[in-house]
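Participant: First the structure, then my questions, so here it is.
The values are calculated or read from the model by the stated rules, or taken from the named source; none is laboratory data. Just so we're clear, the structure is a prediction, and the values are computed from it rather than from any experiment. Cβ: placed from backbone, ideal geometry, glycine included. Neighbour counts: every protein chain shown. Heads up: the accessible areas ignore ligands, DNA and RNA and are worked out on the full protein's heavy atoms, side chains in. Shrake-Rupley method; radii C 1.70, N 1.55, O 1.52, S 1.80 Å.
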Amino acid sequence: MAGLKDGVRDARGERVRREIREHLGIDLASVRTVDVYTVDAQLSEAEVRAAALGPFCDPVVQDVSVDRPLPRDFDILVEVGYRPGVTDNVGRTAKEAIQYLTGRPFAAGEAVYTSVQYLLKGRIDVAAAERIAAGFLANGLIQRWTIVPSGEYDAERGLPVFVPKVDVGAHAIAVQEIDLDVSDDELMQISKAGMLALTLEEMKIIQAHAADPAVQAERRKMGLGARLTDCELEALAQTWSEHCKHKIFAAHIAYEDTTTGEKSEINSLFKSYIVRATRELRERAGENDICLSVFKDNAGVIRFTDDWSLVFKVETHNSPSALDPYGGALTGIVGVNRDSFGTGKGARLLFNTDIFCFASPFYEKPLPPRLLHPRRIFEGVVEGVEHGGNKSGIPTVNGSIVFDERFAGKPLVYCGTGAIMPTVVNGQPGHEKQANVGDRIVMVGGRIGKDGIHGATFSSEELHEGSPVTAVQIGDPITQKRMFDFLIIARDRGLYSSITDNGAGGLSSSVGEMSQDTGGFEMHLDRAPLKYPGLQPWEILISEAQERMTVAVPPQHLEAFLKLAGEMDVEATDLGCFTASGYYHCLYQGKTVTWLPMDFLHDGVPQLRIPARWTPPAVAEPQLPEPQDYVAELKGLLGSLNVCSKESVVRRYDHEVQAGTVVKPLTGVVNDGPSDAAVVRPLPDSFAGVAVAHGICPRYSDIDTYHMTANAIDEALRNYVAVGGDIDHVAGLDNFCWCDPVKSDKTPDGEYKAAQLVRSNRALYDYCLAFGVPLISGKDSMKNDYQIGDTKISIPPTLLFSVIGKVEDVRRAVTMDAKTPGDLVYLLGTTRDELGGSEYYARLGHTGRNVPQVDASSALRRYRTVNAAQARGLIASCHDLSDGGLAVALAETAFAGDRGLDIDLRRVDAEGDLADWQLLFSESASRLLVTVRNGDRAAFEELFAGQSCACIGRVTAVPELRIVSRAGDMLMVAANDELKAAWQAPLKEL
Amino acid sequence: MNVKALVIAGNGTNCEREVSEACRLAGAECDIVHVAELLAGRARLDDYHFLNLAGGFLDGDDLGSAKAGANRLRHARVAGSDETVADQLQRFIAAGKLVMGVCNGFQLMVKMGLLPALGGDHLTQSATLTFNDGGHFEDRWCELSVDPDSPCVFTRGLDRLYFPVRHGEGKFVPASSEVLAAIEARHLAVLRYCDPATGAPTMEYPFNPNGSVAAIAGICDETGRLFGLMPHPEAYVHRTHHPRWTRQPELPEEGMGLQLYRNAVEFIRNNLL
C-alpha cells in the first residue's frame, strides 16, 4: 500500500473532490488516495518488501506499508478495484517490475491486482458514499467497490484482501452443436439469446446451408456432424454483422422523392456513390491521381513525396463509449492506431484527430435508465483519448466537440489516425500486401480474454437493457507501443508478407479477411495465448481483446520473427497457416471445430432491401426582430457550447510530440486562438507538410441531409485551405453515424431516415466530384439509437468529413490570428440569407429553412486562388466562417491576435437585401476571412479579380471589434478581452 | 573522432526520433538504441559520449512516472554479463560523459538518484517529480530563466528559454528543505519557470504549469554533466516549432533548444575526444 505523506498535496484526490462537488453537489472537506497492490504470487517477505519500497512507491512523497493498512483520519473509505478479467495495466506493470526484481518469472495464474482507496472526509453517510462510488469513482460494469465508515474500519487489519482472479468455475471446455432444424421463432430465439444479431432471413440461410446434403457430406469427412458448431455460428454472426459487413450500405434501396416524383432503385450506396466518385475522379486525374490504396485496406493511402506515402483512417467507438466512456474512448484511439499501422506493409503513426458529439455537460433533465450523465461521458472520453494518444506518443493535432441534446442517447466518438509509410519496402510497394499459401498465421501482442466478446454484434444493435458488459474493455497503450516498435523493425527486415489488426470480430475477422488472399486457412485455437484458462473455443475465435495484430509470416522467416519478438518483450504465437483449401478451418486440440466454405461465409449474406421515401420536414423561416444589443448577441454566440473555446480539452492532449506540428490547435499572441486545421511536417529533411482538417454539421440534417453533407465537405476543405493545404492534392474520408434507417416496428420512421441516408450519399458523390476530392476510406455506424421502454432517442444523422493532403512548403502555412495594425481585412465569398440550422437560430430556439447551399465551382476557384496567394506569401491570416458566421470569425481573429478590427458591413458582398444581423450571423458556405498587409493589396486583389473578394475593413492597434452597420451607424464596439472572456468561460473548468 | 550520442528507446519512450534529430543537427552522430539491444548486450553505453533519456511514458508510468523503467535499468541483467544497464551507467558517469534527461527521462534520472546526486551520490533518490497541482496532463509553452552561475554544461551562455511542457507529473519536490537549500546554494536549479514579463521565477499558474517547488523546471548534478528538465528542448530546434512563428518574422531560423545540444557536443569535443 502506498499513500502520500502528511503535508503532501494529493492532486488526484483534490481533483476527485472537485469533480464530486461539480457532478454530485457533495462538498467534502478532503479526499486523499492510497494505492493498493494485491500480490497473488509465491514471494518471500523480503521480496515483497523490496517491491513495496522500490518500484511501488516514491519515497520522497509516499509512505508505504506491507500487510498493514495505511488509511487513517477519514470518515468513509471507498476502495475501487477491477472486476475479475478486466485489463489492469498497473497490475501488469507491477508484475513485470517484481519479475525484474527477483529475476524469476511469475508462475501461471500468479498476478498483481491494483485498487485505489479514497479516503473521504466531511459530512457524508454511506448512502452518499454509494452515490459517489457508483456515480463517479467507479463504473460498475468493470469495477467493484467496498465502502467502510470509519467506525466499522479495522485499523489493525484494514479491509479484507480481495483477489479478483478470474474464476473459471467447473464448466468444461466443450464445443456445442446447435440444432437449426427448428421453427422460425426458435431461430430468432437462438439469435437473440446468443447475441448474434442475425435476422430471420439470415438465420434461415444458415439453416438451409446446414441442411444441404452436399455440405453435410463434406462435414462428415472432417469429423463434423450435420449441426453447426457454436464456433461456426459465431463466425457467421461476426462476419455477417452490420459492423463488419456494412449491410445497410450494401443494401438494395427503393428511393422515392415525393417532391419531384422521382422513383429510383439503388443497388448499394457504397458502390453507387462512394466507390463510383473515387473511380471517376481517379480516371479523370490520370497521371496526377494521388490515390494509392482505397477502400480495400484498413486505411486509405495517398501519395505524399517521391519516397513517402500518407495513410489515414477515422473510426467511431460510440457504443462502448456510452457504457464506459474512459475505456470505450481509450480503446477507440488505440484501435484506430492499429488500423493505420496495419495498412499495406505497416505505417509509422503520425497524428491523431478526435471529434466528439455530446449532449451538454450541464444537462439538467432526468436521464433515462442506463444512460450516463453527459458530463461524465465528456470527462471519461476526454481522459480515455488523453491516455490513449499521449501514452502512444502520437500528437493529437485536430478535433472538435459538437453539442446537441440528442447525443445524450448515444455519444459519438470519432478517432482518426494519420500515418506515413515508405513508398517502397524491400523492393515492393509499401501500400500493398499479400498473404501467400503456406504463410504462418502469427498473432502478435496482447493475450486473449473474455473482454470484448460480441463487440461487433453489439454495436450492430441499439443500446438496450441486455447490452453486454463484456463488450466494454480497457486498452493498454504500452503493450501496443512495444508491439509497434517491434513490428516496424520486422517490416523493414522483410519478415512478414501481410498484416492486419484484430479489432471487431477478433481472430475470426482478421484471419478470415487475410485468408481471402489465399482462399482458406487452418488455425489451431488452442495454441492462442490466453489471459486466464477457461475460455471456450468460440470465445477465443471472436474475442476482441485489444493490442493484437495478425501477421502472415513466410515459414522461412518464422524463427527470426519469433526471436526478435522475444527480445523485445512482445508475445508472438504461431497459430497455423494460410491455405488454398477454400475453407474457414479452425481446430481445437486437433479436432475440427469450423469447416465453413469461404464463399458462403463471405458472399452468403443476403442483400438487405430498404424502403426510402423523402418528404421534406415541415420547417419554416422564423420572423425575427432586429437584435437590441449586438455585443450581447455576439457574446452569447461566442459562449455557446458549439462555438466556445475547447482549450481545457486541447491542452490535455499532447499536440506536438514527434516535433512536427507546425500549425498547432491553439495559436495567436498568447497561444489560445482556435486554429482551423493542423499542419504537420513529418520528415526532418524536407519542408513538405501534411494538412488535416474536418467538417461536421449535424444540425443541418434537421432541414436536409443533402446540404448537411455538402456543408461538411466544404467546411473540411475551407479549413484545410485556410492553413495552406493544397486543394489539388487532398483526399477525403467519410464517417457516417446514423440512426437506424431500416423501417420496422422499432423504427416506424425508417423510410424517412433511409431517405436522409440516400440524400447524404448523393451529396457526397456530387460534391466530391465537383471539388475533385477522392474518397479513400470511411466507416459507418448505423445503429445510434437508444431504446429502453417507451423512451427512444435517435441522434441527428451525422457525417464527419475528414481530409488529408499536402502543403508544399510548411514555411508558407498560415494561421488565423490577425497580425499587424494596418493590415486589410477581406471577406472572400458571398453572404446570403442562409441562417437555417445556424447557431444564431438555434440559440433563439429556431431551426429555419434556408440551410446554406454550397456552390462548389465558385468555391473551388476561390480555394485555388487562396493557395496561389499563400504560395506568394500574400496572406497574413486566414480564418474560416462557420458556426456563428462572420461575427464569430471576426471576434476570434481579433482576440487571437490581440488586435482590433474596424469593419464596415456596407462593403460585404451580399446577395439580396440582408439586415445587419443576417450579414453577421448567416452561415453561408465557402467563405474565408483573410488579412493582407497593406503593401500587398494590389497583388492580392489582382489574384482575386472577378471573384467575390471584399475589403471590409482594417486591422488596428486598439484591441476592440468595431462594426459599422449598413446604415452607416456604429453597430457595435466590443473590447477583445470582453469577447474572449465570453468565449473562454463555458468549458474553462472542465 | 566524432561525438557519439545515443537515445535509449523502447517500453514507452516517445521522443527518441526528435531527440536524435536534435543531436544530429548539433553535430553529433546519434543512434537510437532499443533497451532490448542493451539488455541483449549487442549495444553498450561505453561506446558513446552522450546519453539521452527521452520523453515518453515508460511502462505507461503505471507505478508513478518512470518508476518501472528505473526498476528495469537497475535490476535487469545484460545478457552474458553480470552487470545491469545501471552499472554501465555508473561507469559512463565516472568516465566524465554527459547525460541529459527530458521529461520522462528527467523523471527517470531523479527516481534513479542520478539527480540532484548531492555529494556525488548517484544512487539515492533525494527529490521527485509528482502529479501537477492541476491534477492532469497539460501541453503548454513556458518561459524559463537560466541560472547563469550553474555548473550545467548544457546551458552555458544561455539566459532565457521558451519550450513546451507536456506532462502530468512534472511538479518538482525535493525530499527536504535541506536538499532544496543545497540545490539552490550549489546553483543546481538550472532552469526555473518564470514570469514572461519580468523573468522572475514564479509560482503563479499557468507560468509555473505544475506547482514545482521554487519554480524548478530543470536541475543538474554538481559536475554539471548530468542534466534533466521537464520542458522539451528537442521540440524547438526550428523556427516553425515556435507557436507564434507565423506572427514573429524576427525569430531566427534555428530554435532555442538546439543550443543545449550544441553545448553538449562542444563540451565533448573539448574534453572527451
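Participant: Please report the antiparallel percentage of DSSP beta bridges with both residues in the protein assembly as shown, rounded to the nearest 5.
Facilitator: 75 percent
Participant: State, in angstrom, two size descriptors of region A:690-763 derived from its alpha carbons: Rg to one decimal place and Dmax to the nearest whole number.
Facilitator: Calculated on Cα positions, Rg and Dmax stand at 14.8, 50 Å.
Participant: So what is the orientation-averaged projected area of region B:111-161, using the convex hull of its C-alpha atoms, in nm²?
Facilitator: Projected over every direction and averaged, the Cα hull of region B:111-161 covers 5.1 nm².
Participant: Moving on to the next point. In a Debye calculation with equal point scatterers on the alpha-carbon sites of region A:739-829 and no solvent, what is log10 I(q)/I(0) at q = 0.18, 0.24 Å⁻¹?
Facilitator: Relative scattering, expressed as log10 I(q)/I(0), comes to -0.95, -1.27.
Participant: Can you give me the % of accessible surface on region A:291-609 that is carbon or sulfur? Probe 1.4 Å, all protein chains present, nothing else counted.
Facilitator: 50 percent
Participant: I've got another one for you. Give the residue from A:ALA210, A:LEU198, A:GLY223 lying farthest towards the positive end of the charge dipole for region A:177-245; charges sit on Cβ (+1 for Lys and Arg, -1 for Asp and Glu) and the dipole is referred to the Cα centre.
Facilitator: Result: A:GLY223.
Participant: Rg and Dmax of region B:118-263 over Cα atoms: what are they, in angstrom?
Facilitator: 15.0, 47
Participant: Roughly speaking, to the nearest percent, how much of region B:1-118's 1.4 Å accessible area is carbon and sulfur?
Facilitator: Answer for region B:1-118 is 47 percent, counting heavy atoms of protein chains only.
Participant: Now, a different point. Could you state the per residue volume, in Å³, of the convex hull enclosing the Cα atoms of region A:291-609?
Facilitator: Here the figure is 143 Å³ per residue.
Participant: Additional query: How much of the DSSP beta bridge set in region B:4-271 is antiparallel, as a percent to the nearest 5?
Facilitator: For region B:4-271, the DSSP antiparallel bridge percentage is about 55.
Participant: What's the buried accessible area, both sides, between B and A using a 1.4 Å probe, rounded to 100 Å²?
Facilitator: Counting both chains, the buried surface is close to 5000 Å².
Participant: Against the 2.2 N^0.38 Å scaling, with N counting residues, where does region A:238-313 land? I'd like the Cα-based Rg ratio to two decimal places.
Facilitator: Expressed relative to 2.2 N^0.38 Å, the Cα Rg reads 1.46.
Participant: Treat every Asp and Glu Cβ in the protein assembly as shown as -1 and every Lys and Arg Cβ as +1, leave all other atoms uncharged, and give the resulting dipole magnitude about the Cα centre to the nearest 20 debye.
Facilitator: 1400 debye
Participant: So, one more: How long, wide and thick is the protein assembly as shown, going by the Cα atoms along their three principal axes, in whole angstroms, largest first?
Facilitator: Computed over the Cα atoms, the extents are 85, 84, 69 Å.
Participant: Using packing as a proxy for protection, rank A:412-418, A:236-242 so that the peptide with the highest average count of other Cβ atoms within 10 Å comes first.
Facilitator: Ranking the peptides A:412-418, A:236-242 by packing returns A:412-418, A:236-242.
Participant: If you don't mind, another one. What residues of region B:13-36 lose no less than 30 Å² of accessible area with every protein chain in place versus their chain by itself (probe 1.4 Å, heavy atoms only)?
Facilitator: Listed by number, the residues meeting the 30 Å² cut-off are B:ASN14, B:ARG17, B:GLU18, B:GLU21, B:HIS34, B:ALA36.
Participant: Another question about this same structure. Mind jotting down a quarter of the surface of the convex hull over the alpha carbons of region A:321-380, in square nanometres, one decimal?
Facilitator: 4.8 nm²
Participant: If you average 1/r over all unlike Cα pairs in region A:92-144 and invert the result, what Kirkwood radius do you get in angstrom?
Facilitator: 14.1 Å
Participant: What fraction of the Cα pairs in chain B, stated in percent, has a spacing above 36 angstrom?
Facilitator: For chain B, the fraction of Cα-Cα distances above 36 Å is 8 percent.
Participant: Counting only other chains, and only Cβ atoms inside 10 Å, what mean value do you get across the residues of B:232-240?
Facilitator: 4
Participant: Once the Cα atoms of region A:773-912 are picked out, what are the Rg and Dmax in Å?
Facilitator: My reading of the Cα-based Rg and Dmax gives 19.2, 63 Å.
Participant: Let me ask something else about it. What do you get for Rg/Rh of region A:542-667 when both radii come from the Cα atoms and Rh is the Kirkwood radius?
Facilitator: In region A:542-667, Rg relative to Rh is 1.23.
Participant: In vacuum, with every alpha carbon of region A:177-332 counted as one equal point scatterer, what does the Debye formula give for log10 I(q)/I(0) at q = 0.19 Å⁻¹? Two decimals, please.
Facilitator: Taken in order of the listed q values, log10 I(q)/I(0) reads -1.16.
Participant: Output needed for region A:519-608: three equivalent-ellipsoid semi-axes, defined as square roots of 5 times the C-alpha gyration tensor eigenvalues, in descending order, whole Å.
Facilitator: Rounded to whole Å, the semi-axes are 26, 17, 13.
Participant: Ok, one more. For region A:199-281, take N as its residue count and report Rg(C-alpha) divided by 2.2 N^0.38 Å.
Facilitator: Its radius of gyration relative to the 2.2 N^0.38 Å reference: 1.60.
Participant: If the convex hull of the alpha-carbon atoms of region A:873-916 is projected onto planes in all directions, what is the mean projected area in square nanometres?
Facilitator: Computed as one quarter of the Cα hull surface, the answer is 4.1 nm².
Participant: Once you keep just the Cα pairs under 8 angstrom separated by 6 or more residues, what percentage relative contact order results for chain A?
Facilitator: Contact order relative to length: 11 percent.
Participant: Related question: If you wrap a convex hull around the C-alpha atoms of region A:96-217 and split its volume per residue, what is the figure in Å³?
Facilitator: Cα-based convex hull of region A:96-217, divided per residue, equals 257 Å³.
Participant: Turning to a different aspect of this structure: Label A:ARG49 and B:GLN90 with points 7 Å out from Cα along Cα→Cβ: what is the distance between them in nm?
Facilitator: 2.2 nm
Participant: Working out 0.36 nm times the residue gap between A:ALA580 and A:LYS988, then minus their Cα-Cα distance, what length gain in nm do you get to one decimal?
Facilitator: This chain segment gains 141.0 nm when fully extended.
Participant: Let me ask something else about it. Compute the relative contact order of region A:177-245 as a whole-number percentage, counting only Cα pairs closer than 8 Å that sit 6 or more residues apart in sequence.
Facilitator: RCO, region A:177-245: 38 percent.
Participant: Given 25 °C and 0.890 mPa s, compute D for region A:568-620 with the Stokes-Einstein relation, Rh being the Kirkwood radius over Cα pairs; round to the nearest whole µm²/s.
Facilitator: Diffusion coefficient, whole number: 151 µm²/s.
Participant: Compute the signed sum of charges (Lys and Arg +1, Asp and Glu -1) over the other residues within less than 13 Å, Cβ to Cβ, of A:MET222.
Facilitator: It works out to a net charge of +1.
Participant: With chain B treated as a Gaussian network of Cα nodes joined by springs under 10 Å, which of B:MET203, B:MET230, B:MET100 yields the largest mean-square fluctuation?
Facilitator: B:MET203
Participant: What Kirkwood hydrodynamic radius, in Å, does region A:2-152 give when the mean of 1/r is taken over all pairs of distinct Cα atoms and then inverted?
Facilitator: Evaluated on region A:2-152, it is 16.4 Å.
Participant: Hey, what's the Kirkwood Rh for region B:36-108 if you take every pair of different alpha carbons, in angstrom?
Facilitator: Taking every pair of different Cα atoms in region B:36-108, averaging 1/r and inverting gives 12.7 Å.
Participant: Here's something else I'd like to know. After finding the eigenvalues of the alpha carbon gyration tensor for region A:933-990, what semi-axes result from the square roots of 5 times each, listed largest first in whole Å?
Facilitator: Its equivalent ellipsoid spans semi-axes of 30, 17, 12 Å.
Participant: Determine the principal axes of the Cα atoms in region A:177-245, then give the extent along each, sorted from largest to smallest and rounded to whole angstroms.
Facilitator: Each principal axis gives a Cα extent; for region A:177-245 these are 32, 26, 17 Å.
Participant: Here's a follow-up. Could you give the accessible area per residue of the protein assembly as shown, probe 1.4 Å, as a whole number in Å²?
Facilitator: Value for the protein assembly as shown: 34 Å² per residue.
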